[in-house]
Amino acid sequence: MKSVLFFSVLFAALFLFPFEQISAQEEDLFEDGTVWSLTFVRTVANKTDDYLKGLAETWVASMEEAKKEGLIVSYKILQGPAANKEDFNLVLMIENKNMAMLDPNEQREAAFDAIQKKVKGKMGDKEFDSTVTNYDIIRDLQGTKIMREIHLKK
C-alpha cells in the first residue's frame, strides 16, 4: 500500500505539477490587444508619391470617416525600402477593436459603402474612378495579414 501511495505521489509530482505550472505561465505571458489588418504594397519605380497622393484622397479619407464612426480604432501607413525586387515598400495598417470586427456584418459593410460614396462624392466620380483605376498600374499588392497586438506582462 505504501508503494502505491509513494508512486502516486511521485507520478503527480513529476508529471502533473510541471505541466500545470508551464500552462499557467503561458497564460500569464501577455494580454490580448487590438487586431491589425496589414496590406503589403510594392509601388512601381518612381510612382510611390503618386500612389500616396491617391491614398490621401481615397484610403486615408475613408479611414478618417471610419474612425469618426467608430468602425476602426486607427490606421497607419509605413514606408521603407524594399529588401529585394519582390519585397513591399509600403504597409497599410488598420487597427480594429477585436477579431469580431472582421466578421461579416451587413451594418458594418453598409457603413463602409456609405463612406466610400461620401469620399467618391467629394472627389467626383471621374476623379475617384481614375485614381482607383490608376492603382492597378502603379502598385502591386503583395498580400494581407491579420495580426493581434499583444501586451506582455511583467
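The numbers here are math on the coordinates, done by the rules we state, and not lab data. Here the structure is a predicted model, which means the values were calculated and not measured. Please note: Cβ atoms are built from the backbone with ideal geometry, for glycine as well, and neighbour counts cover all protein chains shown.
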Give me, ordered by chain and number, the residues 5 or more places off Val73 or on other chains with an amide H under 5 Å from its own placed amide H. Glu95, Asn96, Lys97
Dimensions in Å of the range 30-152 - Rg and Dmax from alpha carbons: 15.4, 48
Show me the trypsin sites (Lys or Arg not before Pro) within the range 33-129 that DSSP assigns to loop and that have at most 11 other Cβ atoms within 10 Å of their Cβ. Lys85
Using amide H atoms built in the peptide plane, which far-off residues or other-chain residues are under 5 Å from Asp140 H to H? Arg42, Thr43, Val44
Which ³J(HN,Hα) values in Hz, rounded to whole numbers, follow from the phi angles of the range 105-114 under the Karplus curve 6.51 cos²θ - 1.76 cosθ + 1.60, where θ = phi - 60° and Gly and Pro get x? 8, 4, 5, 5, 5, 5, 5, 5, 4, 5
